[in-house]
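Worksheet for the structure shown next.
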Amino acid sequence: MQVVIIAGGLGTRLGQLTANQPKSMIQILGKPFIDYQLDLLKKGSVTDVVLCLGHQGQQIADYCMDGRKYGLNLKYSFENKLLDTAGAIKLAEPMLKDYFFTLYGDSYVFIDFQDMLSTLGKKNTLGVMSVYQNHDQFDKSNTAVANGMVSFYSKEKRDNLKYIDYGVNLFRKDVLRLIPEAEPYSMVTVFNQLIERHQLAAYEVKKRFYEIGSIKGLTEFTVRV
């Protein structure tokens, strides 16, 4: 199984912590966050990882190298300009397999990748979004689900939503046809294109996620470790 880690963000919410390093290299109890993330993927039976890098991304490549120390095969895609989340995935298209998972570079998740993959086959859709019944607990809920399909998604605050996108997505490579080349393009737009086509299945996860993209999230993850 292949996972694309989108790790090109500027990390501005973390202030001086990311002034001279990307979020993935922040030290947590003696080792960078990327170590925790890649170890988790290995335990989840992932074999191949493509890292989409931007801001100071060479530090990650120099540290992780070919991934052998994690028991993974790592490849790297570098942005020369900011392409947003979907644009970064499009740039990595030559490295991608017929289906692939995506994960954000500041996320730590608990998911059965193989089980989520089975949802793609059962629903026969272009994509699957992992969702969590958040009820505005860890962030503002932004997703609606109906009959096993994502029926609404927005980054804007809306009332009466109980789900939040969990941070892991699964796509068939054909979804890249929706994304223009060499242009900034958001995953939010891709999700809504799939929703309009009834092509985005939902995969519900029961265990909360962690993130290190904010000081609050970083503190929570450090306590959890």
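Would you look at the GNM of the chain, springs on alpha carbons closer than 10 Å, and say which of D62, D165, D48 moves the most? With Cα springs under 10 Å in the chain, the top fluctuation among D62, D165, D48 is at D62.
Just want the answer: with Cβ charges of +1 for Lys and Arg and -1 for Asp and Glu, which residue in L117, P184, N134 is farthest toward the dipole's positive end in segment 60-203? Checked the options; the winner is L117. Placing +1 on the Cβ of every Lys and Arg and -1 on the Cβ of every Asp and Glu, with nothing else charged, gives the chain a dipole about its Cα centre of roughly 340 debye. With both labels modelled 7 Å from their Cα along Cα-to-Cβ, the T222 to T47 distance reads 3.8 nm.
Extending 7 Å from the Cα toward the beta-carbon at both A146 and K122 defines two label points whose distance is 2.1 nm.
Once the Cα-Cα distance is subtracted from the 0.36 nm per residue extended length, the D39 to D62 segment shows a gain of 6.5 nm.
With contributions of -39500 (n - 2.57) from each DSSP H run of at least four residues, the per-residue ellipticity at 222 nm computed over the chain stands at -7500 deg cm²/dmol. The Cβ shell under 9 Å around D48 holds other residues with a net charge of +2, Lys and Arg each +1, Asp and Glu each -1. Which links in K31/K122; K23/K75; K42/K97; K43/K81 stretch past 28 Å when you go from one Cα to the other? Listed pairs above 28 Å: K31/K122; K43/K81. Accessible surface for E204 stands near 70 Å², nearest 10, in the context of the full protein assembly shown (1.4 Å probe).
The value obtained for the chain, namely the Cα convex hull volume divided by the number of residues, is 118 Å³ per residue.
The values are calculated or read from the model by the stated rules, or taken from the named source; none is laboratory data. Everything numeric here is computed off the predicted structure, so don't read it as measured data. Note that each Cβ is placed from the backbone with ideal geometry, even for glycine, and that neighbours are counted across all protein chains shown. With ligands, DNA and RNA removed, areas are computed over all heavy atoms of the protein, side chains included. Shrake-Rupley method; radii C 1.70, N 1.55, O 1.52, S 1.80 Å.
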